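Worksheet: the structure to be examined is printed underneath.
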Protein chains: 2
Amino acid sequence: MTGRPLEPAPAKYAHIADSLRSRINNGVHPPGTMLPSEAQLVREFAASRSTVVRALEYLRQLGYLEGVQGKGRMVLGTPVPRRPVPPRRVHVALHASELANATLLGAGRAPASPRIAAVLEIAVGELVIARQRTMFDSETEWPLLSTVYMPAVAAEGTGFGASDLLREGALDHLERRRRIRAADVVERMNLRTALPREATSLGLDRNASTLASLLVVRNAAQQALLVIEQVMPVPPHGIEEVFALAHA
Amino acid sequence: MTGRPLEPAPAKYAHIADSLRSRINNGVHPPGTMLPSEAQLVREFAASRSTVVRALEYLRQLGYLEGVQGKGRMVLGTPVPRRPVPPRRVHVALHASELANATLLGAGRAPASPRIAAVLEIAVGELVIARQRTMFDSETEWPLLSTVYMPAVAAEGTGFGASDLLREGALDHLERRRRIRAADVVERMNLRTALPREATSLGLDRNASTLASLLVVRNAAQQALLVIEQVMPVPPHGIEEVFALAHA
DNA sequence: CCTGATTACTTGACTAACCAAGTTGGACAG
DNA sequence: CTGTCCAACTTGGTTAGTCAAGTAATCAGG
């Protein structure tokens, strides 16, 4: 027996990255503080600068730190798990243009219903800009009625209240026109009876049950920017989505 | 005017990475073929080996290629966009143990209903292992009935049919015991009337409406490994999930 | 024909050095 | 006191070289 280890030693850069990551996770280098310089880490780990930089680059990519040329690297902390990205149906609702698969029913001012007013944090009956269309799901051809609501003040200058077809999704349009960024979207899915106008638009019987989905698009401060309400007849096979499970 | 360019020249490694990525996207280097060796790329791009390797490493991390020491780098092709990860409610269904917030109602063999048989691709009435519990959503305290189904053959040796409480989620347990990996999960959400046993377990009126969710866990070959059916009374405020929108 | 050694080639990891670009603090002059 | 300059330090990018580990083909010997 030569005393050879049963497992290969981890690469040096991996060991350095692990050490630094543990320190960040354990609060030795708290968020907002500067990490030791490359030169210091070279001395501490007895490695070349390239090897140290490789470890640091890996941690940067993971979100543990960020570097400023000439200044140093600041600790960001343990990266928080991101919330999942929207499933397909929500993505389509936010980004689908009005040019295909859709029929614009109307666009303009309307008084906010209690539900919409609550979500937009405005008074019931206050004027909002509403934009309504019927469309068909591109995969299932199932019909749905989609209504975008926006506070009248926020809609100024965006063209949301006009009857020209939007060439981009409602969210894309808002972000571009208003130069703002949406941070997240809340989906509330529920079962309810169709309103008379909804039943007419969707060709349903009066008092038919529908699946209703309210999408509240928010900014980083969690203020509502945009609300999209989608109503559809209950699909015979339900609503289907596929999610990835394997971790590469 | 000194003729200085208005934009800084891209870093050399970035230019090499872009060039190679374009070639892969355009089919010059098709998936399954070997990329030119580092030495060849060094000559082609008139760069040092470290610079070439940096570009290749970036593409590897993006999923365009993979390297085997001594052999070369094989083109994987344009990475397909990953499907979204499961929202919270699906994650809980797959991973929550039976130790908290849950009451195991029973575990054992049962004949497959037409719906479960279709999903598992077995004959109606064939025996499956079923495991049923009631639980409460940890955020909303809303009740739900959850039933895990697995083909009897696949369940052998896993302890799924036994009455001991599982200390891990059903999927975790299956993956560990069977040393297999699940690739994705299909969620089918629908509205239906509660079966009599479901109504009893959930304390509902007969023929009450429920939101029913069928989760089909599949392997990479899209064969069903596990099915989880969840039934809940229609929540008064619906089912809510939050999705991230901002791109860092 | 099979096996082991050798050679040429490949990628993975590491070192040392250099240049570029930026930050910061101290010294000095007005 | 304020502004400018400069040195020391920082990270970003690049080059050149070495050693380690692996692949694949060829050749020689049994």
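The values are calculated or read from the model by the stated rules, or taken from the named source; none is laboratory data. Fair warning: this is a prediction, and the values are worked out from it, not measured in the lab. Here the Cβ is made from the backbone with ideal geometry for all residues, glycine too, and neighbour counts use every protein chain on show.
If you go through the stretch B:202-238 and keep only what is assigned by TED's automatic domain parsing to the domain that holds B:Leu105, modelled with pLDDT under 90, among the small types (Gly, Ala, Ser) and closer than 22 Å to B:Ala96 by Cβ, you end up with just B:Gly203.
Going through (1) more than 14 Å from chain B (Cβ to nearest Cβ); (2) among the aromatic types (Phe, Trp, Tyr); (3) closer than 24 Å to A:Val242 by Cα one by one, A:Trp142 falls short only on (1).
Residue-by-condition table, conditions (1) at pLDDT 95 or above; (2) closer than 24 Å to A:Tyr58 by Cα; (3) over 36 Å from the mean Cα position of the chain (by Cα); (4) within 12 Å of DNA strand C (Cβ to nearest atom):
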{"residue": "B:Thr2", "(1), (2), (3), (4)": "no, no, yes, no"}
{"residue": "B:Pro5", "(1), (2), (3), (4)": "no, no, yes, yes"}
{"residue": "B:Ala17", "(1), (2), (3), (4)": "yes, yes, no, no"}
{"residue": "B:Arg21", "(1), (2), (3), (4)": "yes, yes, no, no"}
{"residue": "B:Glu38", "(1), (2), (3), (4)": "yes, yes, no, yes"}
{"residue": "B:Arg49", "(1), (2), (3), (4)": "yes, yes, yes, yes"}
{"residue": "B:Arg54", "(1), (2), (3), (4)": "yes, yes, no, yes"}
{"residue": "B:Gly63", "(1), (2), (3), (4)": "no, yes, no, no"}
{"residue": "B:Lys71", "(1), (2), (3), (4)": "no, no, no, yes"}
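Please verify whether the stretch B:36-59 includes one or more residues that are surrounded by fewer than 16 Cβ atoms within 10 Å (Cβ to Cβ) and either away from DNA strand D (no atom under 16 Å from the Cβ) or closer than 30 Å to B:Ala155 by Cα (or both). Within the stretch B:36-59, not a single residue is surrounded by fewer than 16 Cβ atoms within 10 Å (Cβ to Cβ) and either away from DNA strand D (no atom under 16 Å from the Cβ) or closer than 30 Å to B:Ala155 by Cα (or both). If we scan the stretch B:169-190, do we find a residue that is within 12 Å of chain A (Cβ to nearest Cβ), over 30 Å from A:Glu175 (Cβ atoms) and of a type in the set (Lys, Arg)? Scanning the stretch B:169-190 turns up at least one residue that is within 12 Å of chain A (Cβ to nearest Cβ), over 30 Å from A:Glu175 (Cβ atoms) and of a type in the set (Lys, Arg). Residues in the stretch A:120-153 that are among the aliphatic types (A, V, I, L, M) and either crowded, with 19+ Cβ neighbours inside 10 Å or assigned to a loop (DSSP other than H, G, I, E, B) (or both): A:Leu120, A:Ile122, A:Ala123, A:Val124, A:Val128, A:Ile129, A:Ala130, A:Met135, A:Leu144, A:Leu145, A:Val148, A:Met150. Within the option set A:Ala130, A:Ala117, A:Ala100, being more than 14 Å from every other protein chain (Cβ to nearest Cβ), at pLDDT below 90 and more than 16 Å from DNA strand D (Cβ to nearest atom) holds for one residue only, A:Ala100. Taken as a whole, the structure places A:Ala110 among residues that are more than 30 Å from B:Val186 (Cα to Cα), without any contact (Cβ under 8 Å) to a residue 40 or more places away in the chain and more than 16 Å from DNA strand D (Cβ to nearest atom).
Scanning the stretch B:66-97 for residues that are on the phi < 0 side of the Ramachandran plot and either within 16 Å of DNA strand D (Cβ to nearest atom) or of a type in the set (D, E, K, R) (or both) yields B:Glu66, B:Gly67, B:Val68, B:Gln69, B:Lys71, B:Arg73, B:Met74, B:Val75, B:Arg82, B:Arg83, B:Arg88, B:Arg89. Touching a Pro at 6+ places or on another chain (Cβ under 8 Å) and not aliphatic (A, V, I, L, M), is that true of B:Tyr58? When the stated conditions are applied, B:Tyr58 does not pass them. From the list B:Val80, B:Val75, the one residue that fits, being in contact with a His (Cβ under 8 Å, 6 or more places away or on another chain) and within 30 Å of A:Pro87 (Cα to Cα), is B:Val75. Is it fair to say A:Glu156 is assigned by TED's automatic domain parsing to the domain that holds A:Ala118, touching a Ser or Thr at 6+ places or on another chain (Cβ under 8 Å) and either closer than 20 Å to A:Ala117 by Cα or surrounded by 15 or more Cβ atoms within 10 Å (Cβ to Cβ) (or both)? For A:Glu156, the condition - assigned by TED's automatic domain parsing to the domain that holds A:Ala118, touching a Ser or Thr at 6+ places or on another chain (Cβ under 8 Å) and either closer than 20 Å to A:Ala117 by Cα or surrounded by 15 or more Cβ atoms within 10 Å (Cβ to Cβ) (or both) - is not met. If you go through the stretch A:205-221 and keep only what is surrounded by 11 or more Cβ atoms within 10 Å (Cβ to Cβ) and either β-branched (Val, Ile, Thr) or over 23 Å from B:His237 (Cβ atoms) (or both), you end up with A:Thr210, A:Val216, A:Val217, A:Ala220. Counting only residues that are touching a residue at least 24 places away in the same chain (Cβ under 8 Å) and more than 21 Å from the chain's Cα centre (by Cα), which one in the stretch A:168-194 is farthest from A:Ala100 (Cα to Cα)? Restricting to residues being touching a residue at least 24 places away in the same chain (Cβ under 8 Å) and more than 21 Å from the chain's Cα centre (by Cα), the top hit is A:Leu191. Quick check on the stretch B:73-94. Is at least one of its residues surrounded by 15 or more Cβ atoms within 10 Å (Cβ to Cβ), within 14 Å of chain A (Cβ to nearest Cβ) and within 16 Å of DNA strand C (Cβ to nearest atom)? Yes, some residue in the stretch B:73-94 is surrounded by 15 or more Cβ atoms within 10 Å (Cβ to Cβ), within 14 Å of chain A (Cβ to nearest Cβ) and within 16 Å of DNA strand C (Cβ to nearest atom). Among the residues of the stretch B:208-246, those that are over 24 Å from A:Ser213 (Cα atoms) and either touching a strand residue (DSSP E or B) at 6+ places or on another chain (Cβ under 6 Å) or without any contact (Cβ under 8 Å) to a residue 60 or more places away in the chain (or both) comprise B:Val217, B:Arg218, B:Asn219, B:Ala220, B:Ala221, B:Gln222, B:Ala224, B:Leu225, B:Leu226, B:Val227.
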